[in-house]
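One structure is given below, encoded as structure tokens.
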Amino acid sequence: MFIFVPHQFTVSIFMLNNKSVKLSSGFSGERYIHIPLPLLDLMRDNPLSKDLYIHSLGFFAHARFHYVNRTKGCKEYILIYCREGKGKGTVNGKDFVLEANQLIVLPPEIPHRYEADHNNPWSIYWVHFVGENAEIFSRKLYEPLSDPTTDTSRIESRLRLFEEIFNTIRNGFTIENLNFANIAFTYFMATFTHLEQFLQARRSNEYGNNVISRVVHYMNENLENNMSIDDFASYCGYSPSFFYRKFIQEMECSPMNYFTKMKINKASILLITTDMRISQIAAKVGYADSFHFSRVFSRTLGISPNQFRKENFKL
């Protein structure tokens with residue numbers, strides 16, 4: 001894994017009531033990659049990537065005390081996609097708030113700062129990027145853009161795309177890997193700049209018209225979040241008690257048990273197909289406490305996450 005502290009990253013750490021209250025990095029579950037400068041120069045001159053290419057990217061989970069202040073701005077455009085929690089910031093003197101499923105792009109060379117909410121810290125995907133057409137891709141995203149959480153939202157599809165981009169770069173700084181990652185990143189940006197087209201492209205009958213099927217899809221779109229029966233019932237317009245009975249009738253399992261099994265299923269795949277740490281995988285399926293995640297995993301599958309990873313596909 002390639003870890004870095006980005007250009008002009010102001011790191012402020014001080015004590016208040018015996019707590020460290022401002023950090024730029026160093027969070028449980030964080031992952032990030034910085035493309036070496038010689039390769040950035042190659043991408044700038046490469047016809048396949050010069051229009052839009054990645055400078056660095058990463059993910060911070062439950063990043064309490066996350067704080068960045070760049071008084072002279074940054075040379076790159078910065079995309080911040082808040083998957084859950086909340087944060088706030090200022091760009092060129094204008095305040096903004098970023099909540100779950102919202103995105104913003106910060107333009108280059110503009111003073112800015114941003115930070116996680118103390119009580120409900122955000123989990124964010126972020127990308128520093130540049131390119132001849134970077135401004136064209138970014139201009140619609142200078143204000144916070146909300147990503148609707150509906151049965152056609154395709155949030156999980158977008159996050160899988162981010163993981164493909166991240167894993168491709170992590171697998172080696174080859175020209176082909178970088179070309180693929182940058183082409184995929186262009187599509188990733190288009191899922192926000194052309195949100196209506198992205199949502200409409202999904203087959204309307206992919207999950208059918210059945211209410212419970214749509215709720216199951218909604219669960220799948222929110223595996224990184226802490227959801228309740230009230231959330232699921234509200235989504236489909238039922239009372240919690242009616243929704244609970246209807247779900248059990250159709251799925252022969254309670255809604256929360258089903259949701260937990262979906263989380264553990266995704267965690268199992270990540271354990272086998274990635275080298276992410278247990279804390280990182282826990283954050284990816286909505287557990288801020290990796291010890292609690294391990295207990296739930298063991299209770300569900302009868303084996304610990306570490307043991308499951310060692311067994312690989314032998315189970």
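Scanning the range 76-111 for residues that are touching a Leu at 6+ places or on another chain (Cβ under 8 Å) and assigned to a loop (DSSP other than H, G, I, E, B) gives no hits. For the range 49-104, the set of residues classified as among the hydroxyl-bearing types (S, T, Y) and either crowded, with 20+ Cβ neighbours inside 10 Å or within 17 Å of the chain's Cα centre (by Cα) (or both) consists of S49, Y53, S56, Y77, Y81, listed by residue number.
When F291 is tested against the conditions (1) within 30 Å of R170 (Cα to Cα); (2) in contact (Cβ under 8 Å) with a residue 24 or more places away in the chain, the lone failure is (2). Across the range 227-285, the number of residues qualifying as of a type in the set (G, A, S), surrounded by fewer than 18 Cβ atoms within 10 Å (Cβ to Cβ) and assigned to a helix (DSSP H, G or I) comes to 2.
Can you tell me which residue in the range 153-183 is modelled with the lowest pLDDT, limited to those that are small (G, A, S) and farther than 11 Å from M43 by Cβ?
S153
Just to be sure before I move on: is F293 within 23 Å of N120 (Cα to Cα), at pLDDT 90 or above and outside any loop (DSSP other than H, G, I, E, B) in the structure I sent? Yes.
The values are calculated or read from the model by the stated rules, or taken from the named source; none is laboratory data. Values in this document were obtained by computation on a predicted structure and should not be read as measured data. A quick note on method: Cβ atoms are made from the backbone with ideal geometry, for glycine too, and the neighbour counts reach across all protein chains shown.
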